[in-house]
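Input: a single structure, listed below in structure tokens.
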Amino acid sequence: MSSLETVSDSAHFRVENIGGIDKTEVSVPPGVTILTGENATNRTSFLQSIMAAMGSSDVSLKGDAETGSVTFEIDDKLYERSLTGADDQITFAGDSYLNEPEVADLFAFLLESNEARQAVSRGDELREVIMRPVDVAEIKSRIRELESEKRQLNTEIEQIESEKNKLPKLEERRTSLQNEIEAKRESLEQIEAEIEAHSTEIEQGRSEEAALESKLDELKQTRSELESVRQQIEIQSESITSLKRERNEISSKLDDIDDQPKEPNHSLEAEIDQLRDRRQSLTTEINELRNLIEYNEERLLTSDKELPELEQSSDSSLTDQLIEADTVTCWTCGSTVERSQITSTVDRLKNIRTEKMDKLAEIKEELQSVKSDQKARRTRINRIEQLESKIDEITAEIERRESKIEELKSSRVELTSEVEALETAVEELESADFDEILSLHKEANQLEFDIDQIESKVDEITAQIETIEDDIERSEELRQERETTMDALTDQRTMIEQIEAEAVESFNDHMQSILNLMGYENIERIWIERIDTSETTNHSSHFELHIIRTTESGIAYEDTVEHLSESEREVTGLIFALAGYLVHDLHETVPFMLLDSLEAIDSPRIATLVDYFAEFSEFLIVALLPEDASELDDSYTRVTDI
């Protein structure tokens, strides 16, 4: 990315009882701010305060305090967060800047214990660290949804194409029926003319004729109702068949889902709570160890400053002075002990802290895994419930339609009886004297009935043709929608691969740039190779770190992480964290990047590293010893009193 534009005013912090801080107020302008001072001067504690304001829980209370707080003000917005300690646990309340600080904890707050920063030195699977913020289960769920949408669109398009092929036959059938109607209407006109001729000759048959016409009209209407009921029974039966087919398809989808309990797994929730408690407890212990180490280092430093200058005297008195210089008064018990004993104790505390940091990383990884399992389980349960609800809806609809069919069948029986009764009544009204005219009336009645039935069929065919023509017009929209769905499906399927590729490219580019700037001796290149492992592992790939060195004669060879110097490992870890910071776009959501514990890197290279990182964050806060801070650009803000 290009140089970051400054958009915020200065950030102001008010802190109480966090880390080693009693109470302090610090304003930080945009750009680079250097927290400079000796060990145990609350530099790391202030970085923790910033983390707390952002929303992180990787924070400790002051050892003698039960409550603490941090207030953060930026761009006329105020964020307040309080901490309360009880039973070796810290609870948080109030509003923080970030709703979900986990990604920032991983890639923006680069303190000594930061997991992404330490991943290279520990030999962690780098892909897992980079991909941890990516909700793979959600991506897979979205892929399944898009695949279902694509199948549905394909089915609709195929159905439209199938119906489109029926158009010629339907139009041919409609024309044939229309011709048949015309022919029957011509016959009806002839018969009506004959009836009119006979009616003028036979006046006495008027009353019988009227009664017969009435019965014939009633018979015609009843037959029409009977035919309508039969058609409704057929339509309902077809709908039931279609619904049963849909229900079977949904049942098949249910069968494809793993056979898992439908209730939430409370054991997973309990395990998550337990892991969170362990994480918080370890975080508190690590922070307390850090404070204890810094305190002891500060006291040792103070003792160094208080050592008297050695007086020029006899050998024996000089020896006595040296012995006295190698001893200090213990600030816990008041006795005189050798300086080496306290130094040894501090070293042991550092080793214990390192072990706890490693354990904390393991717990964080396990917690992430259990959370993923829990989310996948909830997604599966929701999907099962949705499918089962849909099956219930379809079953209810089938039962409603089956009940409707039973009603229609009952109506059909009644109407059939009415038709038979009317036909009998018509036959009784017929007489020998009026055989011809009655036959004509009956024939005309039948023609009218036939015409009505054929016109109904024509209307049905016309409606079917219009529906198909509307669907044909809609098919282009469906094809465009399918194209959009396929593009989205491709994006989802390649999203993980794209993120991995971007992370690898980001690390390789920035690693090469920083190596060129820092000039480490005989390191030619440090780079990550993305290796496809989809055929052999659950993951589609893993990251392999390569270190290329050159001999004095210019011959290149591959080395291992173990052979890197501490400075080289630290820089590599920080660049890996920077790659995660950029690939997850934290520069757009997290205004602060924090750097601490850079002592393993020599001062000129620290200055180069800070200058390089300054480009990517609106606020870059770096904790440095005075001798390291002196190498940095004078334009950078210095904070010496916390």
Next on the checklist: So Glu521 passes all but one of these: (1) at pLDDT 90 or above; (2) out of contact with any Phe, Trp or Tyr (no Cβ under 6 Å at 6 or more places or on another chain); (3) not in a helix (DSSP H, G or I). Which condition number does it fail?
Outcome noted: (1)
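Residues are listed down the side, and each one gets a yes or a no for (1) free of Cβ contacts under 8 Å to residues at least 60 places away in the same chain; (2) within 38 Å of the chain's Cα centre (by Cα); (3) assigned to a helix (DSSP H, G or I); (4) surrounded by fewer than 23 Cβ atoms within 10 Å (Cβ to Cβ):
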| residue | (1), (2), (3), (4) |
| --- | --- |
| Glu558 | yes, no, no, yes |
| Val571 | yes, yes, yes, no |
| Ala577 | no, yes, yes, no |
| Leu582 | no, yes, yes, yes |
| Ala607 | yes, no, yes, yes |
| Glu615 | no, yes, no, yes |
| Glu627 | yes, no, yes, yes |
Checklist entry - Can you find a residue in the stretch 401-409 that is more than 30 Å from Asp273 (Cα to Cα), in contact with a strand residue (DSSP E or B) (Cβ under 6 Å, 6 or more places away or on another chain) and among the basic types (Lys, Arg)? => result no
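Which of the residues spanning the stretch 160-183 are under 30 Å from Ile250 (Cα atoms) and either surrounded by 15 or more Cβ atoms within 10 Å (Cβ to Cβ) or without any contact (Cβ under 8 Å) to a residue 60 or more places away in the chain (or both)? It would help to see each step written out before you state the result.
Of the residues in the stretch 160-183, the ones under 30 Å from Ile250 (Cα atoms) are 160-166.
Passing the criteria: Ile160, Ser162, Glu163, Asn165.
Only strands (runs of 3 or more DSSP E) wholly contained in the stretch 12-104 count here; list those with 1 or more residues that are of a type in the set (Phe, Trp, Tyr) and in contact with a Lys or Arg (Cβ under 9 Å, 6 or more places away or on another chain).
Values: elements: 21-28, 31-36, 67-74, 77-86, 89-94.
Output list reads 67-74, 89-94.
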Item to check | Filter result for the condition that a residue is in contact with an Asp or Glu (Cβ under 9 Å, 6 or more places away or on another chain), of a type outside the set (Lys, Arg) and assigned to a helix (DSSP H, G or I), over Leu415, Leu408 | outcome: Leu415
Item to check | Residue satisfying all of: in the stretch 189-202; more than 22 Å from Asp452 (Cβ to Cβ) and of a type outside the set (D, E, K, R); modelled with the lowest pLDDT among these | outcome: Ile202
Checklist outcome for this item: Among residues of the stretch 61-93 being of a type in the set (Gly, Ala, Ser), surrounded by 15 or more Cβ atoms within 10 Å (Cβ to Cβ) and at pLDDT 90 or above, the residue farthest from Glu294 (Cα to Cα) is Ser82
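Are any of the residues in the stretch 203-222 of a type outside the set (Asp, Glu), modelled with pLDDT of 85 or more and under 30 Å from Ser410 (Cα atoms)?
Step one: filter the stretch 203-222 for residues of a type outside the set (Asp, Glu), giving 204-207, 210-212, 214-216, 219-222.
Cutting the leftovers down to modelled with pLDDT of 85 or more gives us 221-222.
With the extra rule that they be under 30 Å from Ser410 (Cα atoms), the set shrinks to 221-222.
Yes, the stretch 203-222 has at least one match.
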Checklist entry - Do you know which residues across the stretch 452-473 are over 14 Å from Gln231 (Cβ atoms) and among the polar types (S, T, N, Q)? => result Thr462, Thr467
Item to check | Residue ID - modelled with the lowest pLDDT, chosen from residues in the stretch 7-46 that are among the hydroxyl-bearing types (Ser, Thr, Tyr) and farther than 23 Å from Leu609 by Cβ | outcome: Ser8
Item to check | Residue identified as among the charged types (D, E, K, R) and not in a helix (DSSP H, G or I) among Glu529, Glu481 | outcome: Glu529
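The values are calculated or read from the model by the stated rules, or taken from the named source; none is laboratory data. In this text, all values refer to a predicted model and were calculated from it rather than measured experimentally. Every residue, glycine among them, receives a Cβ derived from its backbone with ideal geometry; neighbour counts consider all protein chains shown.
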